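Shown next, in structure tokens, is the structure this report addresses.
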Amino acid sequence: MNQCLAARRFASAVVMACMLPSIACAFQVLPRITDVDRKLTNLGDSQLMDGIGQWVVGNALPMIKSPVHEAITLNALDCLVQAGFESQCLTPDAIRQNQVLLYGVRWPDDPPFGLSKSAPPRVGDCNPKVTLRSTSQPKCWKTLFSDADKTAKQRITVKPGEPAFGPGDYLLYRSHFGDLQFFHSMAAFDGEAASDTVRRMKMWAQFLWGIGASTIPKDRIIRTVGVEQLDRYFPGDLTAINLFATGIVEVRKDLDKVAIGVLLHMVQDSFSEAHAGRNAETGATCEFAPRFAQPGSIRQFYSYAGQSGSLHDHEDTFNALGIQTLQVSPSVVDVSRAFLTLWQEKASWADAEKYFDCAFALENPSTKAGPGPFIKEAETRREAKSNDSNWN
């Protein structure tokens, strides 16, 4: 019986592996099933990953499956490719050499966190003994993400003008649908002023720069580090290690790289048209950091909770990236490279802040956030146009 069951599981895994995106046949990119994840499946009282679970990671988690951020970051480091071909930077050697930095770049989309042991989710595939992330508990991750999406849409209807989630809620809920959407260069709710969004982003960047430059101890409780208003978002006893590396012991010695990767994610998201609307660049240089060209100013920030997930994801692809890097200068790669250069030069936050203010200049600080054009009605119109045109 056990041999038969094992054979069925193996066959299921083989079938599902064949359904993975073609890039997975060449080499594994993040997110991937780690050796730690595989070992965890043999422990405890439930099987966390099977063929179905691995398929979920590869196919059913559109928010985290495309390695666009990794490609941008590798291009900004030392990968030389023509604009529009950023995906060519995703080589096994480059990923291996920059593994920890890329973990940080991926972190905002898939932050590890512990499930409540006293009141765990009422989902059969969730094990509170194991840190939750997409690769360790993929079906649980997908279930909670879907619940966060559904709950957020209900809450913003009942209580518009405030975040759907906040302190006390799971990190996955807060970072994608609640008060921590600044991780992704997005507003916490429709109606939030652009000045408030960028102020929170700057608060977050200051903290990340402190960890990246080792001027803020990674074992200090976050609410005590002295970054103004950060305690409102992390009022408990979390340290940077708890926040960025719960259950991920391999990256803790290099938390500076993780923090800079997290910062790069926020920077890069601000160039996605589903996250923020930017004006065209003017050709000017940054007033207080003149060696860097100034990106287009931000016209409006968007909030995710009211958006159509499929329309949003359409802007976080290699096609969207190529269109941007071929036509815009400084591009998202150039701005990522500028922040990396400052970090590698060990610049102080006072110096990095000057470039931050340039990269996130606002057209109008009072502009209110909204979902932008990424709403269900627009999705319906796009589908109708597709049907009329007989597109495949």
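Using DSSP to call loops (not H, G, I, E or B), can you name the GluC sites (Glu not before Pro) in the range 288-366 whose Cβ has at most 12 other Cβ atoms within 10 angstrom?
Details: sites: E315, E345, E353, E363; in loops: E315, E345, E363.
Taking the range 288-366 and a limit of 12 other Cβ atoms within 10 Å, the loop GluC sites (Glu not before Pro) found are E345.
Take the solvent-accessible surface of the protein heavy atoms, probe 1.4 Å, and return the percent of it on the range 64-108 that carbon and sulfur atoms account for. Walk me through the numbers before you get to the answer.
Numbers: 960 of 1890 Å².
Carbon and sulfur atoms account for 51 percent of the accessible area of the range 64-108.
Given the options L342, S270, T325, identify the residue whose Cα lies farthest towards the positive end of the charge dipole of the range 266-349 (+1 on Cβ of Lys, Arg; -1 on Cβ of Asp, Glu).
Farthest along the dipole direction, towards plus: L342.
Quick check: net charge around R220, other residues with Cβ under 15 Å of its Cβ, Lys/Arg +1 and Asp/Glu -1?
Details: positive: K218, R223, R252; negative: D219, D231, D237, D256.
So the surrounding residues net to -1.
Work through the residues other than G114 whose Cβ is under 12 Å from its Cβ and net out their charges, Lys, Arg +1 and Asp, Glu -1.
Details: positive: K117, K129, R133; negative: none.
Summing Lys/Arg as +1 and Asp/Glu as -1 gives +3.
State whether the range 236-346 is rounded, prolate or oblate according to the following rule on the C-alpha gyration tensor (a ≥ b ≥ c being the square roots of its eigenvalues): a/c under 1.5 gives rounded; otherwise a/b larger than b/c gives prolate, and the remaining case gives oblate. If you can, show how the numbers build up before the last one.
Details: a/c = 2.13, a/b = 1.28, b/c = 1.67.
Oblate, because a/c is 1.5 or more while a/b does not exceed b/c.
Across the range 294-308, in residue order, what do the Karplus-derived ³J(HN,Hα) couplings come to in whole Hz, using 6.51 cos²θ - 1.76 cosθ + 1.60 with θ = phi - 60° and x for Gly and Pro?
Rounded to whole hertz, the list is 8, x, x, 5, 7, 8, 7, 8, 10, 10, 7, 4, x, 8, 7.
Tell me whether the range 107-248 comes out rounded, prolate or oblate; compute the Cα gyration tensor, take square roots of the eigenvalues as a ≥ b ≥ c, and use a/c under 1.5 as the rounded threshold.
Taking the square roots of the gyration eigenvalues as a ≥ b ≥ c, the range 107-248 is oblate.
For a Förster distance of 25 Å, can you work out the FRET efficiency between the beta-carbons of F288 and Q229, rounded to the nearest 0.05?
Working: r = 23 Å, r/R0 = 0.93.
According to the calculation, E is roughly 0.60.
So for each of 79-85, 238-244 I average, over its residues, the number of other beta carbons within 10 Å; can you give me the resulting order with the highest mean first?
Working: 79-85: 14.1, 238-244: 20.0.
Order by mean packing, descending: 238-244, 79-85.
What spacing in nm lies between the two simple spin-label points modelled at S118 and T341, each 7 Å away from Cα in the Cβ direction?
5.1 nm
So, for the range 71-189, what is the accessible surface per residue at a probe of 1.4 Å, expressed in square angstrom? Could the numbers behind the result be given before it?
Values: 4940 Å² over 119 residues.
Ligands and nucleic acids excluded, the figure is 41 Å² per residue.
In the structure displayed, which of K253/K346; K218/K257; K142/K253; K129/K153 lie more than 22 Å apart, Cα to Cα? It would help to have the intermediate numbers written out before the result.
Working: K253/K346 18 Å; K218/K257 12 Å; K142/K253 30 Å; K129/K153 30 Å.
In this structure, K142/K253; K129/K153 lie more than 22 Å apart at Cα.
For the range 121-193, what class follows from the C-alpha gyration tensor (a ≥ b ≥ c being the square roots of its eigenvalues): rounded when a/c is under 1.5, otherwise prolate if a/b is larger than b/c, else oblate?
prolate
The values are calculated or read from the model by the stated rules, or taken from the named source; none is laboratory data. Predicted model, so just to flag it, every value in this text is computed and none were measured. In this analysis, Cβ positions are derived from the backbone assuming ideal geometry, glycine residues included, and neighbour counts consider all displayed protein chains. Ligands, DNA and RNA are excluded from the accessible area calculation, which covers all protein heavy atoms including side chains. Shrake-Rupley method; radii C 1.70, N 1.55, O 1.52, S 1.80 Å.
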